[in-house]
1. Can you compute the modelled spin-label distance between Glu443 and Asp130, with each label point 7 Å from Cα toward Cβ, in nm?
2. Sorted by packing (mean other beta-carbon atoms within 10 Å per residue), highest first, where do 68-74, 379-385 land?
3. Identify all aspartates and glutamates with a Cα-Cα distance to Lys131 below 18 Å; exclude those on the same chain that are fewer than 8 residues away in sequence.
4. Taking Lys527 as the anchor, which aspartates and glutamates have their alpha carbon closer than 17 Å to its alpha carbon, excluding any fewer than eight residues away along the same chain?
5. Which whole-Hz couplings ³J(HN,Hα) result when phi for each residue of the range 428-434 is put into the Karplus expression 6.51 cos²θ - 1.76 cosθ + 1.60, θ = phi - 60°, listed in order with x for Gly and Pro?
6. Nearest 20 debye, what's the magnitude of the dipole of the chain about its Cα centre given +1 on Lys and Arg Cβ and -1 on Asp and Glu Cβ?
7. At Phe617 and Phe96, where each label point lies 7 Å from the Cα along Cα→Cβ, what is the point-to-point distance in nanometres?
8. Counting only C-alpha contacts under 8 Å and six or more residues apart, can you give the relative contact order of the chain as a whole percent?
Amino acid sequence: MCGFIGVLRMGHSANQDDVRSFEESNELIKHRGPDEEGYYHDDYISLGFRRLSIIDIDSGNQPFHFEDDRFWMVFNGEIYNYVELREQLMEKGYQFQTESDTEVIAVLFQDLGVDAFEELRGMFSILIWDKQEKDLYGARDPFGIKPLYYSESEEGSIRFASEKKSLSHMNEKVSTLALQHYLSYQFAPEPLTLTKGVHKVEPGHYFVKKLNEPLQMERYFHATFNPVLTNEDRQVKQIQDVMYDSVGIHMRSDVPVGSFLSGGIDSSLIVSIAKEFNPNIKTFSVGFEREGYSEVDVAKETADALNVENYEYLISAQEYVDKLPKVMWHMDDPLADPSCVPLYFVSREARKQVTVVLSGEGADELFGGYNIYREPESLKAFTSMPNLLKKALNQASRVLPEGVRGKSLIERGTTPLRDRYIGNAKMFEEAEKERLLIQYAKEYPYQSITKPLYETANEYHPTHQMQYIDIHTWLRGDILLKADKMTMANSLELRVPFLDKKVFEVARELSVDSTIADGTTKSILRKAARGIVPDHVLDRKKLGFPVPMRHWLRNELYDWAKQLIQISDTDHLLRKSVVYDLLEAHVQQKGDYSRKIWTVLMFMLWHQIFIEGVYSFDELQKEDETESKVRQQMSMV
């Protein structure tokens, strides 16, 4: 697990100032790879690398060169099928100098060119420079586990990086379009970022950049659903087999591997299987001091039942808010999901014991784990209703005051799925954004992001449509964003066995009736887990990383929130009176507006860090003294 930067210049080779600036940009991602750094420069390109040593610790250095120095490569991630690919390539006559997965990518690229990316089973972002042909290639993994940002200059130069701050720290300007979408999605939907001119390579895509030609993007993987009617026992066996296979290869490492453990089925299944590969696996859990907002007790019960070590940490409201600037600096873009902070803390605790952790991200999207996926079943009564009646009911429901029983049900039941569902969480409606934003573009409603997705998934069952939308928005924009940034902030590698191509091949063939069944979610996954995970886990409702934000904004964090709104230099972007009104209405318990308020607050904090310069990058990057000591101790083991 590592980080990298790259600059393909047009018209001039790197001078001393270019090299100095380049190295400063690479230093900004030192947390992604504290073990080593490396550079390559020629007349056209500069590549920089930061390494966190996981596999072939002695020989996996980068930038990596191959085929008599014709190709130079930087790579962030892990390729879990590198052993099998290596054997296949050796049978073709290729020879290897190292045991690293990096060299396997290089040789596979020699053999197949851009088709090599389809063969990789893992998480990755990659740059490959062809020094002879002056072509730059790059790719991002199928689900977007590893990030890859880029920006192009007017003269045609292009910069790439594992973190956005390495591209934009000297020229940060707000993208008002991304801000508008952020207020609904709680993240900037890809390929957008909150920084004007900076984009993300989308998951499952590779690119080719030739000198003096536009960047050419191509999709090599598309996560689609294709349900197949089959025997339930067969499905259960397929899920069990593929999960054992995936967890097994995700545990390949030359350094200690642990696992996050909540009270839910996803992480419990991973730990239960992982324990069979490593009986001494360590697990990590986090919660809050407020009662009802912690899974540490259930996690401990699970750990005891499995006879594995469990390390837990409880977070206070003050500790939470004190870490927010550092967390936001690592996030690169604002994310209004409060769970990114507990993820930071559990990652910090895990790094004291291990270098790699397993986690359950992706299970909900693949196996139907969110309660909202059951909504189509609850709205069946509206499907046969005449359109005129639906329209009349919809208009009537919007007149009803907030909180009136049945209002939400009628609104949802009389609104087409594609108009109401844009992902697992929706913050502001268009009318609310129009009141809040100084610059509001009516031609870009939140549906403009999901419209092409719905067109692709038009024939799917409504629940599969929702899963498809989430895989292509929520999963990459929220779940995997915070997973990468918060673990890497602590120089910890996170691996997600559910987001494996082989696992997806099984999940995509499941019918809605097998996932949303028996009055619960992930029904077929629960059946596959029976006998593997402790019984008390099987029927628990999903909790995740709950944060008591609703309570905190009325009490412990009220003064902090009000001050942040007041001092934030965002009057040219937001009407603060609207935000104040939301905060006061929330405090007076006229409604729960905590998530909407938090969405605005996180943008304001991001603006302070990256636009206003209120916080020093040096201070935000600086490790806590205890964290630094732990890192030194770990490196000596």
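Please treat every number below as a calculation from the coordinates, not as lab data. Keep in mind it's a predicted model, so treat the numbers as computed, not measured. Counting neighbours? That spans all protein chains shown, and the Cβs are built from the backbone with ideal geometry, glycine included.
1. 3.8
2. 68-74, 379-385
3. Lys131 reaches Asp42, Asp43, Glu67, Asp68, Asp69, Glu103, Asp111, Glu213.
4. Leaving aside aspartates and glutamates fewer than 8 places away in the same chain, those within reach of Lys527 are Glu232, Asp233, Asp241, Asp266, Asp364, Glu509, Asp513, Asp518, Asp535, Asp539.
5. Values, residue by residue: 8, 7, 4, 5, 5, 5, 5 Hz.
6. 2420
7. 3.8
8. Computed over the chain, the figure is 16 percent.
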